[in-house]
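Participant: Please read through the structure below; I'll follow up with questions.
The values are calculated or read from the model by the stated rules, or taken from the named source; none is laboratory data. Please read these numbers as outputs of a predicted model, since none were measured by experiment. Every residue, glycine among them, receives a Cβ derived from its backbone with ideal geometry; neighbour counts consider all protein chains shown.
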Amino acid sequence: MSSDDTSSFANRLITWQRVHGRNDLPWQNTRDAYRIWLSEIMLQQTQVTTVLPYYARFLERFPDVLSLAQAPDDDVMAYWAGLGYYSRARNLHRAAQQVVGQHGGHFPPSVDLLVALPGVGRSTAAAIAAFAYDVIAPILDGNVKRVLARHAAVEGFPGVSAVEKKLWFEAETRLPTSAKNMVAYTQGLMDLGATICVRSDPRCLLCPIAADCAARISGRVDEIPAARPSKVVPHRAQSYLLLTHADQILLVKRPAPGIWGGLWCLPEIGADEDAEVAAHIRHGASGSNHPVMLPPIAHAFTHFRLTLNIAHLSADCVEPRAMQPGAMWIARSELAKAALPKPISRLLASYPATLSKAAAGS
Ligand code: SF4
């Protein structure tokens with residue numbers, strides 16, 4: 001692609017973005033790298049509409065990088081709970097501490113330094129640098145991969161590293177020459193992927209780069225980019241204890257890394273383990289009624305499916321000193337303050353109605 005074509009791609013996109021792009025999202029129209037960084041991390045694998053309320057609540061509690069760096073882990077996890085991909089929250093916290101400790105509380109204006117922060121990949125670093133500092137650097141998130149794969153007719157699944165390498169090359173060659181256009185250009189690529197060049201039935205008639213889009217010209221829009229090669233999603237089952245005492249519920253903190261790392265969850269037990277014995281030995285709970293099995297809960301992670309088998313036990317008395325470290329009893333009325341995985345939070349929100357149903361069915 002010649003430099004003329006390159007500037008033509010960029011110029012069409014920039015002009016289109018200013019008229020038709022999204023210009024009123026809460027993380028736009030700011031040069032505050034903290035707010036931009038936060039939005040970029042929240043938007044990874046997550047829809048804009050899902051992110052909006054989390055972004056507002058998070059900023060209200062942590063208005064700047066210093067307040068985030070100084071916050072306790074539990075607070076950060078509580079404000080992230082429900083957004084998923086919890087390693088993002090742990091990395092966010094560590095990155096804030098690095099920005100404060102190593103960069104004097106200012107996000108560095110360089111892609112190389114930004115990419116050294118935990119949880120910040122090359123594309124995220126480029127987006128932060130472009131939006132906050134007008135740095136000319138290419139982005140390549142999932143939507144942008146689709147746009148470029150179609151425009152340049154890049155074959156293969158973009159998750160394969162050889163295909164991704166070609167897409168980075170295409171992203172480099174299309175960059176604008178002037179730094180002053182980087183905000184509109186970067187936003188334009190994101191907007192085009194999210195609103196026009198969508199996965200199914202892209203709106204090519206409205207597309208500013210349709211004239212030289214190779215996939216459209218060759219009638220292969222439906223074939224490019226290639227779909228993810230299909231594979232069987234593994235399944236796991238895990239047993240948990242819902243241990244209650246009066247109005248209190250026992251929670252344990254999940255280790256990080258691992259699924260739901262850093263969140264509060266029901267204690268795990270072995271599939272063949274006796275729930276009453278586990279409750280007594282590990283958590284100092286005794287005098288309980290027989291366990292009631294709740295209806296199994298199915299939950300999908302990116303790489304596997306999990307079935308949660310939950311036994312409910314209501315203890316007459318508890319011996320706090322016999323509890324495992326990292327466990328706590330929490331009143332139902334306080335549950336909203338704890339960072340809980342989504343399926344556990346849903347279950348406890350409907351408790352004790354869930355228990356009555358399970359008891360009626362048993
Ligand atoms: S012309 Fe169609 S397929 Fe090509 S980039 Fe535009 S919306 Fe996507």
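Participant: Could you tell me whether the range 52-67 includes any residue that is under 24 Å from C197 (Cα atoms) and either assigned by TED's automatic domain parsing to the domain that holds L192 or not in a helix (DSSP H, G or I) (or both)?
Facilitator: The answer is yes; a qualifying residue exists.
Participant: Checking V183 against (1) part of a helix (DSSP H, G or I); (2) crowded, with 20+ Cβ neighbours inside 10 Å, only one condition comes out false. Which one?
Facilitator: Exception for V183: condition (2).
Participant: Hey, among the residues in the range 153-180 that are farther than 17 Å from C213 by Cβ and more than 26 Å from the chain's Cα centre (by Cα), which one's surrounded by the fewest Cβ atoms within 10 Å (Cβ to Cβ)?
Facilitator: Looking at residues that are farther than 17 Å from C213 by Cβ and more than 26 Å from the chain's Cα centre (by Cα), I get K180.
Each row is one residue, and each column tells you yes or no for (1) without any contact (Cβ under 8 Å) to a residue 24 or more places away in the chain; (2) within 8 Å of the ligand (Cβ to nearest atom); (3) assigned by TED's automatic domain parsing to the domain that holds E155.
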| site | (1), (2), (3) |
| --- | --- |
| T186 | no, no, yes |
| L189 | no, no, yes |
| L192 | no, yes, yes |
| P202 | no, yes, yes |
| C207 | yes, yes, yes |
| E223 | yes, no, no |
| A227 | no, no, no |
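Participant: Hydrophobic (A, V, I, L, M, F, W, C) and in contact with a Phe, Trp or Tyr (Cβ under 8 Å, 6 or more places away or on another chain): which single residue out of W264, W260 fits that description?
Facilitator: Of the residues listed, the single one that is hydrophobic (A, V, I, L, M, F, W, C) and in contact with a Phe, Trp or Tyr (Cβ under 8 Å, 6 or more places away or on another chain) is W260.
Participant: What are the residue pairs meeting all of these: first residue in the range 108-123, first residue farther than 17 Å from M190 by Cβ, second residue of a type in the set (S, T, N, Q) and not in a loop (DSSP other than H, G, I, E, B), Cβ atoms under 6 Å, and 6 or more apart or on different chains?
Facilitator: Hits for this filter: L117/Q98; P118/N91; G119/N91.
Participant: Also: For the range 338-362, give me the residue count where each residue is at pLDDT 85 or above and assigned to a helix (DSSP H, G or I).
Facilitator: Total satisfying the criteria: 8.
Participant: Tell me, please, whether a residue that is under 14 Å from the mean Cα position of the chain (by Cα) and not polar (S, T, N, Q) can be found in the range 12-30.
Facilitator: So far as the range 12-30 goes, no, none of its residues is under 14 Å from the mean Cα position of the chain (by Cα) and not polar (S, T, N, Q).
Yes/no per residue for (1) within 16 Å of the ligand (Cβ to nearest atom); (2) loosely packed, with under 14 Cβ neighbours inside 10 Å:
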| site | (1), (2) |
| --- | --- |
| T195 | yes, no |
| L241 | no, no |
| Q248 | no, no |
| N289 | no, yes |
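Participant: Which of the helices (runs of 4 or more DSSP H) contained wholly in the range 77-155 include at least 2 residues that are within 16 Å of the ligand (Cβ to nearest atom)?
Facilitator: The helices (runs of 4 or more DSSP H) meeting that bar are 142-152.
Participant: Now for a different question. Could you grab the pairs with beta carbons closer than 7 Å, sequence gap of 6+ or different chains, first residue in the range 19-41 and touching a residue at least 60 places away in the same chain (Cβ under 8 Å), second one surrounded by fewer than 16 Cβ atoms within 10 Å (Cβ to Cβ) and in a loop (DSSP other than H, G, I, E, B)?
Facilitator: Y34/D64; I36/T30
Participant: Restricting to the range 7-46, what's the tally of residues that are assigned to a loop (DSSP other than H, G, I, E, B), farther than 14 Å from T186 by Cα and hydrophobic (A, V, I, L, M, F, W, C)?
Facilitator: Result for the range 7-46: 2.
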